[in-house]
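A.B. asks: Below is a structure I'd like to ask you about.
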Amino acid sequence: MYQLGLIGYPIQHSLSPWIHHRLLDNAGLEGNYRLFEISPEEDFAEKIQELKSKEIKGFNVTVPYKQKIIPYLDGLDSTAEEMHAVNTVIHKNGKWYGYNTDGIGYLRSLKHAYPDFFNDLKNKVLILGAGGAARALFYALSQKGFVNIDIANRTLKKAEDIAQLGNNNSNTNVFTIEKANECLHNYDLIIQTTSVGMKSFGLKPIVTIERLKKDVIVSDIVYQPIVTKFLQDAEEHGARLLFGHTMLLYQAQYAFEIWTNKRIDLKDMENELLAILEGR
Ligand code: ATR
């Protein structure tokens, strides 16, 4: 019986229960996935103690607790260590271990949709944004061996910090969003990781697309809306698209694998999640 769940705030609208119940079903495993919302006014240490006293196999961690959870864990895997952020916790032999599944989840989603991209590690990548998600994606791509990954962000210092995570052969340029506007056509993969473009941000894209390279993949990790204005513009310029909800599914697939040792095929879940999001 897999007792799983999520901590964060607010999480009432989280899609994770739906995703993990479907994964449990597809795996033929008994279990459930519950929301353990912890509001900022509550005593975090006490709430974590309460959670740990339950018969729980593991839980996901979302905003605003991805860093705050770390002192309550017995160990971190190397990626969570580098990210200084945990989104998945497993209870094993009486101890609690933290992982971060965002980067690998993104790579899996990219590989599933566009396996050809992995044939050339010199492909040029541009990451727009330098928050937690950008950090995870940059790290995963460089660990995979990609050597040309640039980062554009409003705050340059944050992009410079991420660039330090590169591999030995990597070559990373850091610049402003304005500069990114002028050189979008140089890239084989462009990943939008900022909150700009979300419904709540007024839908305006972070950059204006004028020209793109042939066969470029344009990816947005925002999934509300599914087709952001940025992705719409990219499609009009002939890009191949990667939607944000796929990363959500694959990072969950990897978390589920950490808990159960089973990698579950996502089958029709991409389309089903799409339908749920479109109905929102
Ligand atoms: P996440 O963990 O989801 O990546 P985050 O750490 O809050 O979220 O990062 C948000 C990203 O969106 C950052 O790159 C942020 O830019 P700054 O580093 O300059 O803050 C970017 N962002 C948010 N609002 C923005 C805006 N109005 N214009 C440009 N960039 C914005």
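The values are calculated or read from the model by the stated rules, or taken from the named source; none is laboratory data. Computed from a predicted model, the values in this text were never measured in an experiment. Cβ coordinates were reconstructed from backbone atoms using ideal geometry, including for glycine residues, and neighbour counts include every protein chain displayed.
A.B. asks: Look through region 224-263, keep the residues that are among the charged types (D, E, K, R) and in contact with a Leu (Cβ under 7 Å, 6 or more places away or on another chain), and return whichever of them is surrounded by the fewest Cβ atoms within 10 Å (Cβ to Cβ).
C.D. replies: Restricting to residues being among the charged types (D, E, K, R) and in contact with a Leu (Cβ under 7 Å, 6 or more places away or on another chain), the top hit is Glu235.
A.B. asks: Here's something else I'd like to know. Consider Glu42 carefully, then state whether it is among the charged types (D, E, K, R) and either in a helix (DSSP H, G or I) or closer than 30 Å to Asp215 by Cα (or both).
C.D. replies: Spelling it out, it is not the case that Glu42 is among the charged types (D, E, K, R) and either in a helix (DSSP H, G or I) or closer than 30 Å to Asp215 by Cα (or both).
A.B. asks: For region 166-191: of the residues being charged (D, E, K, R) and out of contact with any helix residue (DSSP H, G or I) (no Cβ under 8 Å at 6 or more places or on another chain), which is farthest from the ligand (Cβ to nearest atom)?
C.D. replies: The residue in question is Glu182.
A.B. asks: Collect the residues in region 210-230 that are out of contact with any Pro (no Cβ under 9 Å at 6 or more places or on another chain), within 16 Å of the ligand (Cβ to nearest atom) and over 21 Å from Tyr114 (Cα atoms), keeping them in residue-number order.
C.D. replies: The answer is Gln224, and nothing else.
A.B. asks: Please determine whether any residue of region 192-208 is more than 16 Å from the ligand (Cβ to nearest atom), at pLDDT 95 or above and not in a strand (DSSP E or B).
C.D. replies: No, because not a single residue in region 192-208 is more than 16 Å from the ligand (Cβ to nearest atom), at pLDDT 95 or above and not in a strand (DSSP E or B).
A.B. asks: Just the residues that are surrounded by fewer than 19 Cβ atoms within 10 Å (Cβ to Cβ) and within 16 Å of the ligand (Cβ to nearest atom), please, taken from region 133-161.
C.D. replies: Arg154, Thr155, Leu156, Lys157, Lys158, Glu160, Asp161, listed by residue number.
A.B. asks: Please find, among Leu241, Leu249, the residue that is in a strand (DSSP E or B) and at pLDDT 95 or above.
C.D. replies: Leu241
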